Every structure is written in C-alpha cells, then in structure tokens.
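Chemist: The structure under discussion is supplied below as structure tokens; questions concerning it will follow.
Read the figures in this text as sums done on the coordinates, not as results from a lab. Quick caveat: nothing in here was measured; it's all calculated off a predicted structure. For neighbour counting, all protein chains shown are included, and Cβ atoms are generated from backbone atoms with ideal geometry for every residue, glycine included.
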C-alpha cells in the first residue's frame, strides 16, 4: 500500500535507492530525489485553486529547478515555463515547451537574447524603458508576435528576507511605479504601442506574506485599468502576477497553500479573477521544494570542544543558500541508518557539516538527532528547488545525480534518472582541461615571465 505520509514516502524512497545502489558510500555518496507522484498532486492543487472561468498559464520558474527532464515532466503536467536567461530558454525549449508557453524575465537581457526571444514569439516582461527602446529597434527590422508588457515594481515594501523581496523602494527589478514621471511614461508607452498588452509584477518570494503579495498584484491591476481607461479600450489583457509563494520549511505539510493565496487575491483585488484578464503565474519553489530531498552519507564523526560533528557529503555544494544564510534558509535534517531506515535513540546536539574546505560549510548547527556514525545517511528535506538542481562548484565536487521516484500500486518504488552524476571527464571539460595543451602552457609561462603576451 502506498503511504500518503511524507516521512514514510521519503524513507521508502531512500531505502529503495540504497538497496539498488543509487546511493552508495563509495561511489555515489550524495544524491537527490523527487517524489514525482506527490509533485503531480501539488500541480493539480495549483490548477484547482484558480477559477475555471479565468484563462491561466502557470509558468514554472525554471530557476527553481532547470534540470531538463524535470522541466519536461512539468510540461507534461500542463505547465508553461518562466525563464530568466538564454540558458534557461534553451533548457525550456529542450524540454519541449512551445514558445507561446514561455515567459522571459530578466533585468539584463542582451540584444542577442531579445532577438532570439522575439524571433520565437516568446512573451517578454520588459524590465525598463531602455530595454523597451531596444525591443522597438529590433521589431522595426524584424516584426514579432511576442506578447509584450512592462515589469512593474509596485514599491509596497519588503518581507522578512530582504534579499528575496523585489518590491522595495530601491529594487533592481522593473519600473518603479511611484517614482516621479514613471506612471506618465508608462501611460504614454502603452498609448503609443498597441503591442504592449500585459503587465507583470513579482513582489518577492520566501519571507513575503500573502497580504503583501496580494497588495502588489492589486496595484498592477489598478494600473492596467488606468491604462485601458486612458487609451479607451482594453489593451492590457493579461496580468502576470509572478510567483514567490512562501514554502513551509518547518513541517511535513506537503501541499502548497495556493488556495489561501487565491483567497487573498479574491478579497484584495476581485477584478483579477472576474474573467476580464488572462493570468500568468510564475511559481517555482512552492511547486517543487516540498517534494524533493537530498541524501548524503556520513563520512566521519568527531567531537571538537565538546561538540559532536558529522562530516557529510552535503554542504555548500548542494545547499548554498542554507550554508551562507542559515537563519533565512534553515533546513530540516533527518538521520538514517546505512539501510535508509530512520534512526531512533536519544537526540544529541550535532553539527551537520559538509565536505567543502571552509569553516562555515555547515548545513545545521547543534541539531538534536540520534547520534550519527560513519556510514549513516542524513537527508536534507524540502530541497526539490534551488538545492541539488543548482549545485555550487566549490572544490570541484562532482554534481550529484538526481532521480525521480514513483510508487507502483503495490508500494514498490521505481526510479528515473533526471540528471546523471557528473563524471570526472565532464568536470575536467567544464574546467577547461581541453585547453591545457603543451602549447597553451608554454604561452602561459611566457606571459608570466614577460617574454610573451597573449
């Protein structure tokens, strides 16, 4: 029988992975897993949260997990894709997304990126007036079908994590709505350019409360109505409300609170959901985070100054945000025996350290867990987004494999490789080994000695 309990599902996945050698203390000491079935249910929850009478494109934020098979799976579940670079655009296309289901956001789009997106017909959220001028020059030479609209900073304030908030007075993103002259400039831009038919705002992500997010959406809906009244017709037809729904990293509450957010939107800005506008969302972390975990072997344990320390293979290499901002991004950690079964016993405060060669490479400090031993396994929970999918190459540690896990009717677990473990050959290629031929080394030596220049 398939359990609906997240902890039981994780343990079943971990035990099956160890039994099949997908996690191995010598050859694969670190791996990440995504519970595909639970993820699919969360996507269904997202779709059900919005009224059926509203045309909505749910564009998954690729930065949250840009592994191409993951993106392809989300496409199969009926999602679109939001990208923020030429690389993410290439990944979205490789995953099979049609250009009309892709939205391109970035505060630093190059001319090349804009030309490619416009040629494909990808929707563009325009970050600033200079970018808009670039787009106009490109479209004059090569007409495009891309939906266009400005990204707006509603300037309504920040949440608990300033680095994750994008609607403060001085945000680097979008057109600052309340700055002198910007509202008038926007009205003029839309009046003079019928191709501008949408508006976008993203208030922030983790740490931003739902009322703050809803208030930001209300400001851009009001702006859309003002633009349409100014022009005398409904030119702005689509509202992109961004993503950023906060995730519960404190418990095993699995499904995201999409319905609660929609309730806030319905109360704060009813015009958004009455069918007058098509909608775009850009959720990422809230779609995927709760349905992934990262597992790592404990290599050594020690006591230093009376503090128990477990040295594992999961640190800044796969939990970069947690290591560098531990108070903003704490992770739950569970302790498991060599077979994957969760350990029992009296909790002991332990530092869970990673493999990177700097003192701050700690996933958790003084965390009460059953005493860990070499050969045990730790699991970092809620890491389906922004963790193993976005590895940090410090110390040239190999990128770990990522597996999708599905449950058969009898409770057995099947695995699909979503990203293979990086080979040493791939690592060397990425670090320029093919350029390290004797001639290059001689030229380098000559340049250093001053006898030869590049």
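Chemist: What is the chain's relative contact order, in percent, from Cα pairs under 8 angstrom and six or more apart in sequence?
Modeler: Numbers: 933 pairs, mean separation 81.0, N = 454.
Relative contact order of the chain: 18 percent.
Chemist: If R₀ is 25 angstrom, what is the calculated FRET efficiency for the pair residue 20 and residue 341, using the beta carbon separation as r and rounding to 0.05?
Modeler: Approximately 0.95, to the nearest 0.05.
Chemist: Using Cβ counts within 10 Å as a stand-in for footprinting exposure, how do 127, 105, 276 rank, fewest first? Don't skip to the end; give the middle numbers.
Modeler: Details: 127 21, 105 26, 276 16.
With the sparsest Cβ surroundings first, the list reads 276, 127, 105.
Chemist: Report, in whole Å, the centroid distance computed from the Cα atoms of segment 250-307 and segment 74-123.
Modeler: 23
Chemist: How far apart, in nm, are two points set 7 Å out from the Cα along the Cα-to-Cβ line at residue 348 and at residue 230?
Modeler: 6.7
Chemist: Compute the length gained on full extension between residue 259 and residue 357: take 0.36 nm times their separation in residues and subtract their Cα-Cα distance, giving the result in nm to one decimal. Each step should come with its number before you reach the end.
Modeler: Details: separation 98, 0.36 × 98 = 35.28 nm, distance 4.35 nm.
Answer, rounded to one decimal: 30.9 nm.
Chemist: Fully extended, how many nm does the chain gain between residue 111 and residue 54 (0.36 nm per residue separation, minus their Cα-Cα distance)?
Modeler: 17.1 nm
Chemist: Note the angle between two axes, namely the Cα long axis of helix 210-231 and the longest principal axis of the Cα atoms of the chain, as a number of degrees from 0 to 90, rounded to the nearest 10.
Modeler: Taking the Cα atoms of the chain, the angle to 210-231 is about 30 degrees.
Chemist: To the nearest 500 deg cm²/dmol, what mean residue ellipticity at 222 nm is calculated for the chain from DSSP H runs of n ≥ 4 alone, each contributing -39,500 (n - 2.57), summed and divided by the residues?
Modeler: About -9500 deg cm²/dmol.
Chemist: So how much slack lies between residue 45 and residue 145, counting 0.36 nm per residue of separation and subtracting their Cα-Cα distance, in nm?
Modeler: Length gained between residue 45 and residue 145: 32.8 nm.
Chemist: Follow-up. Which parts of segment 375-400 would a label at residue 417 reach, counting a residue when its backbone N lies under 18 Å from a point 7 Å out along Cα-to-Cβ?
Modeler: What the label zone holds, given the 18 Å backbone N cut-off, is 389, 398-400.
Chemist: Considering only DSSP beta bridges with both partners in the chain, what is the antiparallel share in %, to the nearest 5?
Modeler: Counting DSSP beta bridges with both partners in the chain, the antiparallel share is about 50 percent.
Chemist: Let me ask something else about it. Calculate how steeply helix 129-141 sits against the longest principal axis of the alpha-carbon atoms of the chain, using the helix alpha-carbon long axis, and give the answer as 0 to 90 degrees to the nearest 10.
Modeler: Between the helix axis and the principal axis of the chain, the angle is about 70 degrees.
Chemist: Which whole-number percent is the relative contact order of segment 35-288 (Cα, under 8 Å, 6+ apart)?
Modeler: Reported as a whole number, the value is 22 percent.
Chemist: Consider the candidate values (i) 149; (ii) 124; (iii) 184; state which one is volume of the Cα convex hull per residue in Å³ computed from the structure displayed.
Modeler: Computed from the coordinates, volume of the Cα convex hull per residue in Å³ corresponds to (iii).
Chemist: Another question, then. Using a 10 Å cut-off around each Cβ, can you sort 356, 81 from fewest to most neighbouring Cβ atoms? All intermediate terms of the calculation are to be shown ahead of the outcome.
Modeler: Details: 356 18, 81 29.
Neighbour counts put them in this order, fewest first: 356, 81.
Chemist: Describe numerically, in nm with one decimal, the distance between label points set 7 Å from Cα along Cα→Cβ at residue 409 and at residue 237.
Modeler: Here the modelled spin labels are 4.6 nm apart.
Chemist: How do 261, 300 line up, fewest other C-beta atoms within 10 Å first?
Modeler: Listing 261, 300 from fewest to most nearby Cβ atoms yields 300, 261.
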